Structures are given as structure tokens and as C-alpha cells.
Amino acid sequence: MLFEPYKLKNITLRNRVAMAPMTRSQSPGGIPTNDVVEYYKRRAKAEVGLIITEGVEVSHEASSAYPNVPRLDSKEARDGWKKVVDGIKENNGHVVAQLWHCGGFRKLGMGPNPEVPGHTASGLVRPGKRVAHAMTSLDIEETVNAYASDAKICEEIGFDGVEIHGAHGYLIDNFLWNGTNDRDDRFGGSIETRSNLATSITKAIRNNVSDKFIVGLRFSQWKQQDYTARLATNPDDLLKVLSGPCDAGLDYLHSSMRRFWESEFEGSDENLAYWTKKLTNIPTMSVGSVGLDGDFTDMMASAKTASIDKALKDINEQKYDMVAVGRALLSDHEWVIKMKEGRLKDINPYTKESLLEMY
Ligand SMILES: Cc1cc2nc3c(=O)[nH]c(=O)nc-3n(C[C@H](O)[C@H](O)[C@H](O)COP(=O)(O)O)c2cc1C
């Protein structure tokens, strides 16, 4: 079933393989260049079912932590994205933009406004390290509005939807994580109320786009600050994390793991995507070293091509609905075609050159 069409909301994807969001940092001034257009077009031409773009920094003064990451807050950037979307559509692909606020990864001195500090829930960038700006209610309101208006812009450009980046220790995850959120207002507190930022953003986007526009949320247990951190240690808690954003109108969830074959909770062999789908009943995407024999703790390390039998079996058993592929699609844009045809030996293996080149 992995290589068969899949209906996600109103669109029919050619297959259940998504390209995982991967930052390229090759959009000077936040503007996607023609090289970016060709990079995505190549994957659409080679039958990737759903392209999730690299993180696009939302139009807020504190969203950026890295240079040359694409944005939406200039006409040039929006025109650049239009060309990206057109290139994908001309090749029968579908695409959602990943909306990203870097939160505490931002430091004073970073562009585009060097005087703006990193924004986090409580000033914490990791447990015990309080060096960022603790967001006020007004900061939160402005940030939520930025997501909503950027989502609208994405719809106008022609994207099929947006994916809210709520993973890996960035802003939304900083609110979700008890280690970095000790607020005493409605955006802090219990495991449920720490989800209120994600819920507010989902709601605001939903209210600002048409019904047919897809809104997804990516989340993770692991953080870049701590690979062993967890939002939930049992299924009940996972549901508490997810139910607010789900009720606000999500169309899919993207459960980010580093190794998709690992079990999530004690007493069961199933992974985070399995539990996400089982608990929420929302279309769910699994990810993490699919088709590779090494996880991405060290992105520079090469990884051999591996069989995808487990992913195929999981999809056939409807444990989750889609599979996102990251590094394997960087090293070989024809990964879907070659995998579908069982030509594993023809797949270009992942090396540090694939990462540096990002062809
Ligand atoms: C170069 C690179 C850039 C990435 N950038 C993003 C990003 O912008 N947003 C995001 O949510 N994850 C990002 N990730 C994580 C990937 O989406 C994916 O979850 C991870 O690489 C595991 O999948 P893989 O083993 O198939 O590569 C990035 C990963 C890599 C290797």
C-alpha cells in the first residue's frame, strides 16, 4: 500500500511517501532561488507523494535562528515560493509548507533584527538555562497571528497546506516540554495546558484558511537539546498532549522519531506514530531512518541503504498512514521510483556529500 494512492483530506496523493522537511539554508534574504525550485521539482517529477518543504520561518521578528532560511514576508520570497509550488504541481506533486519559529535557538545579534532576543515560554532554552526572553501575552498573540497570516499567504500561493513545526525543541515544543515551560498562565501548567500554544496556532490558522486547506502538526518526544527528553511516558499522557491541537482542526499528525522501528512505551513494540494514530484517529505520518541503517544523530555520517520491509508491513497493517523520508531522498531524488521497483542496489547511498550538496 505504501506506493499506492492515498486520500489526505481532499487531495489524492500518488503514494504514501512524503519528503521530510529538511532545512537547506540556500535562500539568501529568505527568498527561494531557482535552485530551490529545481530541487523540489526533481522530487515531484520522481513521484514523491507529498513534499513537506524545509522549515519556513514565520513572519515574526524573533522567528529566525539561521541565515538563508526561506521566509514569506517579502514579495520576492512569495514569488519564489510560487515558482516552487508551480514546479511541483506541473509534475503532479503535492506540497505543504512547514511553518517554523526557532524559539530559543535564536540569539541576540542574529538577523534580520540583531537586537531581538530568542523568545521562549519562560526564558529557558533548555532546563536550567534561562537566557532568552520570556514571552508576554502580547508576544504570544503576535506570534499566533503571524502563523495565521502566513498560512493564508501559503494558501494564496497555491500550497496544499501547511505543517506546523511543533518538534525538536523549537518554540512550540519549548512550550510543550515541562523542562522549559514554568509559566503560570494558561500557556503553562499541566501537560494539557502546555499544549495551548499549539492549539491556539492551529485554531488561528484554521479560522484564516479555507476548509479544504490541509493543516498538519509535527511533534516529537526528542529535543535537539536532549535526545532522551519526552513529553509523554505513557499513551494517556500522549493523548493529553495532542487532544487540544487535534480538536482545533488538524488534518494530520507527523510523529517525529529518529528511528521509526523503536518502541515508544513500555510493554508494547509499537512506535510513536502507531500510538498517535490509535489515540487520535487522525491521519498520521511516521519518520526516522526509513530506508537507512543509521540514525541522524550525526548527520555527517554516511548511512547504508536498508530494506523498508517494516515500513511496508506497518502501512499494510494500517498502524499509521504515511511515511516521511528525509536523508534517503536527499542522496537520491529517485528514491521512491527505485524503492517501488525493488532496485535497492541502484539507490545512491547517503553520505556527507549528499548533505552538503542537497541536490
Ligand atoms: C539536513 C537536515 C535538515 C533538517 N531540517 C528540518 C526542518 O527544517 N524541519 C524539521 O522538522 N525537521 C528537519 N530535519 C529532520 C528531518 O525532517 C527528519 O525528521 C530526520 O532527518 C529523520 O528522518 P531521516 O532519517 O529519514 O533523515 C532535518 C534533517 C536533516 C538531515
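No value in this document is a laboratory result; all are computed from the given coordinates. The structure presented is a predicted model; accordingly, all values stated were derived computationally and were not measured. Please note: Cβ atoms are built from the backbone with ideal geometry, for glycine as well, and neighbour counts cover all protein chains shown.
Tell me, what is the percent relative contact order of the chain, built from C-alpha pairs under 8 Å that lie six or more residues apart?
Over the chain, the number comes to 14 percent.
Obtain the radius of gyration and the Kirkwood radius of segment 19-75 from its C-alpha atoms and give Rg over Rh.
Result for segment 19-75 is an Rg/Rh of 0.99.
Can you tell me the mean projection area, over all orientations, of the convex hull of segment 101-147's alpha carbons? Units nm², please.
Averaged projected hull area, Cα only: 3.3 nm².
Report the Rg/Rh value for segment 1-106, based on alpha-carbon coordinates and the Kirkwood definition of Rh.
We get a ratio of 1.00 for segment 1-106.
What value in Å³ per residue do you get for the convex hull of the alpha-carbon atoms in segment 29-182?
In segment 29-182, the Cα convex hull volume per residue is 101 Å³.
Highest mean first, how do 214-225, 7-18, 251-262 rank when packing is the count of other Cβ atoms within 10 Å averaged over residues?
Per-residue Cβ counts within 10 Å, averaged per peptide and sorted highest first, yield 214-225, 251-262, 7-18.
In nm, give the distance between the simple-model label positions of residue 107 and residue 134, each being 7 Å from the Cα along the Cα-to-Cβ direction.
Output for this residue pair reads 2.3 nm.
Can you spot the lysines whose alpha carbon is less than 25 Å from residue 45's alpha carbon? Ignore those fewer than 8 places along the same chain.
Answer for residue 45, where 25 Å is the Cα cut-off: 7, 9, 82, 83, 89, 212, 304, 338, 340, 345, 352, listed by chain and number.
Quick one: Cα convex hull volume of the chain, Å³ per residue?
Spread over its residues, the Cα hull of the chain gives 120 Å³ apiece.
Take residue 66 and residue 345, extend 7 Å from each Cα along the Cα→Cβ direction, and tell me the distance between the two endpoints in nm.
Taking the simple label geometry, residue 66 and residue 345 are separated by 3.6 nm.
Can you divide the C-alpha Rg of segment 217-256 by 2.2 N^0.38 Å and report the result to two decimal places?
1.21
Please give the peptides 31-38, 311-318, 65-72 ranked by average Cβ packing (other Cβ atoms within 10 Å per residue), highest first, as a rough proxy for protection.
Peptide ranking by packing, descending: 65-72, 31-38, 311-318.
With +1 on the Cβ of every Lys and Arg and -1 on the Cβ of every Asp and Glu, and nothing else charged, how large is the dipole of segment 1-73 about its Cα centre, in debye rounded to the nearest 20?
420
Give me D for segment 205-273 in µm² s⁻¹, whole number, from Stokes-Einstein with Rh from the Kirkwood sum over alpha-carbon pairs, 25 °C and 0.890 mPa s.
For these conditions, the coefficient is 182 µm²/s.
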